[in-house]
Amino acid sequence: MGSPVRKMAEALAGFLTPPACREEVLGDLHERNATAVSFCRDALSAIPLVVFSRIRRTADAQLIVLQLCALCLAYWATAWFGQRGLIENTNGLLRLAIPAALVLLGVLFEDAYANPGRRSPQHLVRGPLIGVALTFLSQVALWMFHSQLMLPLAISVYGGVLGLLLTSALRLLFSPQSTSPQGPQTR
Amino acid sequence: MAKPDSLGQFEQLVLTAILTRREDAYGVSIHSKVQELAHPKPVSLGAVYVTLDRLEDKGLVKSWLSDPTPERGGRAKRCYRLEALGERALEESAVTAKRMWDNIVEVWGKQWVKQWSKKWAAQ
């Protein structure tokens, strides 16, 4: 029961499970599984669905659309003023859409993994920041494997900063506080 | 009183599991009951979590965290109980299922019921 592999698997499962439902999910997995192998199998099948469910609960469709528009506008405007030829190029719009989608992904995951008991104003900026970091990582990956889809550095930086400002402002105006009834409440 | 949404089949199973487990309705016990009800189809624990969350959002069930227990590695259970709206939704589903059953038996006959019972009992 207390083998190092099992402990490591539990720690990893705890890290991957959103804090809002970590307590009960880890408890259930612990109770159901006596061995590390069955624990891992169970965790692998349950945790993705738990994350999906958390995203569904924390994501506000209207705010997502607004943020996506703001991000697309940020990258598109940067390209328009910085390197207009990029927009007219083949794959130009796709190259601009990749970072916008990644920032949004970062925001969605940050909201899902936010601790409902410890909400702070930093949380509103942390999501877009993680998204921008993801964008830079993706640019490095594109540079290594598919450089045709990579954005010029200046557009990545200025688009990222503008996107960060716009999405943070939107999140301040329309706070993404979860309205879901689930939380660490007791009877 | 608000009218409950119509339930999907899996939602009906989860609500039935919560109803039958009474005070002991939490992730593991609900999953094992749903698995029993859905037999022979396999049911994943994750699917039960997703459905429980959805039912809670619809206001059909209510949840709370119990005290931590040692057999769960010192972690708490999230217990569930049916809300009045959930009971009504389940009642409506049960009545519809009963009506369906009666109509099927009327058309396919009592002999079919016997054969069907034997077949499913063997599984």
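Read-outs throughout are calculated quantities, based only on the coordinates presented, and are distinct from any laboratory measurement. What you see is a predicted model, and the numbers here were worked out from it, not measured in a lab. Here Cβ is always computed from backbone atoms with ideal geometry, including for glycine, and neighbour counts include all displayed protein chains.
Each Lys and Arg adds +1 at its Cβ and each Asp and Glu adds -1 at its Cβ; summed about the Cα centre, the protein assembly as shown shows a dipole of about 380 debye. Distance from the C-alpha centroid of the range B:37-58 to that of the range A:89-126: 29 Å, rounded to the whole angstrom. Pairwise inverse Cα distances across the range A:4-57, averaged and inverted, put the Kirkwood hydrodynamic radius at 11.0 Å.
Placing unit charges on the Cβ atoms of the charged side chains and taking the dipole of the protein assembly as shown about its Cα centre, the candidate lying farthest along the positive direction among B:GLN111, B:ALA38, A:PRO4 is B:GLN111. Label-to-label distance, B:ASP102 versus A:LEU165, with points set 7 angstrom from Cα along the beta-carbon direction: 6.9 nm. Give the angle, between 0 and 90 degrees and rounded to the nearest 10, that separates the Cα long axis of helix A:36-58 from the longest principal axis of the Cα atoms of chain A. Roughly 50 degrees, rounded to the nearest 10. Coordinate range of the alpha-carbon atoms in the range A:59-173 per principal axis, descending: 46, 27, 21 Å. In this entry, the protein assembly as shown is assigned a mean projected area of 22.2 nm², taken as a quarter of its C-alpha convex hull surface. The convex hull around the C-alpha trace of the range B:5-83, projected and averaged over every direction, spans 5.2 square nanometres.
With both partners inside the protein assembly as shown, how many of the DSSP beta bridges are antiparallel, as a percent to the nearest 5? Show your work: numbers first, answer last.
Values: 7 of 8 bridges.
If we restrict to bridges inside the protein assembly as shown, about 90 percent are antiparallel.
Close Lys pairs in the protein assembly as shown, defined as Cα atoms under 16 Å apart and 8 or more places apart or on different chains, number 7.
Any idea what the dipole of the range A:4-57 comes to, in debye rounded to 20, about its Cα centre with Lys/Arg Cβ at +1 and Asp/Glu Cβ at -1?
Numbers: 8 positive and 6 negative charges, 39 e Å.
Computed charge dipole of the range A:4-57: roughly 180 debye.
Going by alpha carbons, how many degrees (0 to 90, nearest 10) lie between the helix axis of A:92-113 and the longest principal axis of chain A? The answer is roughly 30 degrees. Principal-axis analysis of the Cα atoms of chain B puts helix B:9-21 at an angle of about 60° to the longest axis.
Return the calculated 222 nm mean residue ellipticity for chain A, to the nearest 500 deg cm²/dmol, obtained by summing -39500 (n - 2.57) across DSSP H runs with n ≥ 4 and dividing by the residue count. Walk me through the numbers on the way to the answer.
On the way: 8 runs with 143 residues, N = 187.
Rounded to the nearest 500, the figure is -26000 deg cm²/dmol.
Projected onto the charge dipole of the protein assembly as shown (+1 at Lys/Arg Cβ, -1 at Asp/Glu Cβ, origin at the Cα centre), which of A:GLN139, A:LEU73, A:LEU26 gives the Cα projection farthest towards the positive end? Of the listed residues, the answer is A:LEU26.
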